[in-house]
Each structure stands twice: as structure tokens, then as C-alpha cells.
1. Considering the chain, which cysteines have no disulfide-compatible partner, defined as another cysteine with its Cβ under 4.7 Å away?
2. Beta carbons within 10 angstrom, averaged per residue: use that to sort the peptides 109-115, 18-24, highest first.
3. Sort H97, H134 so the one with the fewest other Cβ atoms within 10 Å of its own Cβ comes first.
4. For Y38, Y137, what ranking results if the residue with the fewest other Cβ atoms within 10 Å of its Cβ goes first?
5. Looking only at E16, E67, E103, which one moves most when the chain is put into a Gaussian network model with springs between Cα atoms under 10 Å?
6. With a cut-off of at most 15 other beta carbons within 10 Å, and DSSP calling the residue loop, which chymotrypsin sites (Phe, Trp or Tyr not before Pro) in segment 53-82 qualify? Please list them.
Amino acid sequence: MDTRELFARLIRCEAEGEGESGMRAVATVVMNRVRVPYGEYQRLCLGDLRLVIEQACQFSCYKTVIEGSQNPQNVWALTPSAEHYRVADWAINGNIHPGAGSECLWYMNPFLPDCPNFFPYNRTGYWYTRIGNHCFYNPTNLYAQT
């Protein structure tokens, strides 16, 4: 599977229920990881979209097993539609969701009404905004040391 298709599948799997705006916000975060000039994502992924998507423990949709149970919602099980490809191409072409911005490096669904102030839990990201059910996080100064 080529990188574009993998990205479209990831967008579908991670954010399809959030509508086009939510999918664009998630795609923006993924591309922000590609473009960030410092920290873990630059050091490990070297600006490569496929390496960002395949980095261990980053996206639940990239796993076929989570905590010992089969994960039926994964990038291999869900086929992208034209809409998912359109969002992937939009992000690859340098567009940025205005709500997620050019700095957000993480998102998560807390399944709660409020977003935690920090995520990931090593406190490298601070809460920035909420779009649909996802909370979005900008890097703290700690991220640069990762």
C-alpha cells in the first residue's frame, strides 16, 4: 500500500466520525509531525510521512491488537473513500486546519466532557483546543528534549 493510501486510511480510521473538519484537523496534526523541525518526530521520522504513521504506539488505528484484544477498526480493515483521499491530499499539499493550527502535534478522544490539560501523559503537550470529540495539544518546552 502506498503512503497516500495509508494516510487516507488513517484519516478514516482516526476521525471519520468527526466529519470533514475533524478529519482535516487530524490530518493537520499528522503533517505537523512530518514538518516539526525538532524533537522526537524529527529525530525518528526525519520528515517522512510513512515513518510518522508507522511510529510505534502513536495511532490506535495502526494496531490490529490493543491490550490483547483484536482491534477491528484499523487501517487494514477500513477502505478509504474519495473523501478520505481528498483530505489526505489537502494536508499533503500543505494546508492547515485553522483550529488545529501549525503547532499541534497530538490529539486524543478523552471520552469525557473535558480535555486533560496535558497529553501525552509525559507532559510534552498542553491543551490547545477541542474539535468535535478530539482534544488537540501543542508542544511544551519538554517536547524539544525528546
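1. If one checks each Cβ against the other cysteines of the chain, C45, C57, C104 turn up with nothing under 4.7 Å.
2. Values: 109-115: 11.0, 18-24: 19.1.
Going from most to least packed, we get 18-24, 109-115.
3. Details: H97 25, H134 22.
Sorted ascending by nearby Cβ count, the order is H134, H97.
4. On the way: Y38 12, Y137 26.
In increasing order of surrounding Cβ atoms, one gets Y38, Y137.
5. Highest fluctuation of the listed residues: E67.
6. Numbers: sites: F59, Y62, W76; in loops: F59, W76.
Answer in residue order: W76.
Coordinate-derived values only; no laboratory data. Everything quoted here is computed from the prediction, not taken from an experiment. Heads up, the Cβs are rebuilt from the backbone with ideal geometry, glycines too, and the neighbour counts pull from every protein chain shown.
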